[in-house]
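Shown next, in structure tokens, is the structure this report addresses.
The values are calculated or read from the model by the stated rules, or taken from the named source; none is laboratory data. Since the structure is predicted, the reported quantities are computational estimates derived from the model, not experimental observations. Here Cβ is always computed from backbone atoms with ideal geometry, including for glycine, and neighbour counts include all displayed protein chains.
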């Protein structure tokens, strides 16, 4: 029996992701939303500030109130625009898909740690 090459399977997974309904939905909604310069600007600002907030939180630091206010203002703008909101929903679906896949990929490692705890 031939052992599967994990790299080949990873590339196969990447192709499956690229062809998934979630990724196609994200591509379609990005294309629609990014046609408008204001939409693109809002999404870029949101992504930048959200990344800064997340980095601060990971460092155990609290983001400034002004930063949180700006993030909330941008989120309100996104919620009020159907194209932007559709894009954000598609991004959440892809994020959930990626989280699920990472959990599945981590299962062999978890099994090893479970076995070590029993031994």
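The residues in the stretch 56-68 that are surrounded by 11 or more Cβ atoms within 10 Å (Cβ to Cβ) and not in a loop (DSSP other than H, G, I, E, B) can be counted, and the count is 4. For the stretch 35-47, the tally of residues that are surrounded by 13 or more Cβ atoms within 10 Å (Cβ to Cβ) and either under 24 Å from residue 67 (Cα atoms) or modelled with pLDDT of 95 or more (or both) stands at 6. Just checking, does the stretch 70-82 include any residue being under 20 Å from the mean Cα position of the chain (by Cα), loosely packed, with under 14 Cβ neighbours inside 10 Å and over 28 Å from residue 45 (Cα atoms)? No: the stretch 70-82 contains no residue that is under 20 Å from the mean Cα position of the chain (by Cα), loosely packed, with under 14 Cβ neighbours inside 10 Å and over 28 Å from residue 45 (Cα atoms). Residue check: residue 73 meets all listed conditions (1) at pLDDT below 95; (2) assigned to a helix (DSSP H, G or I) but one, namely (1). Whenever a residue of the stretch 18-30 is touching a residue at least 12 places away in the same chain (Cβ under 8 Å) and at negative phi, it has no partner that is part of a loop (DSSP other than H, G, I, E, B) and loosely packed, with under 13 Cβ neighbours inside 10 Å lying with C-beta atoms less than 6 angstrom away and at least six residues away or across chains. Just to be sure before I move on: is residue 20 surrounded by 14 or more Cβ atoms within 10 Å (Cβ to Cβ) and modelled with pLDDT under 95 in the structure I sent? No; evaluated as a whole, the condition is false for this residue.
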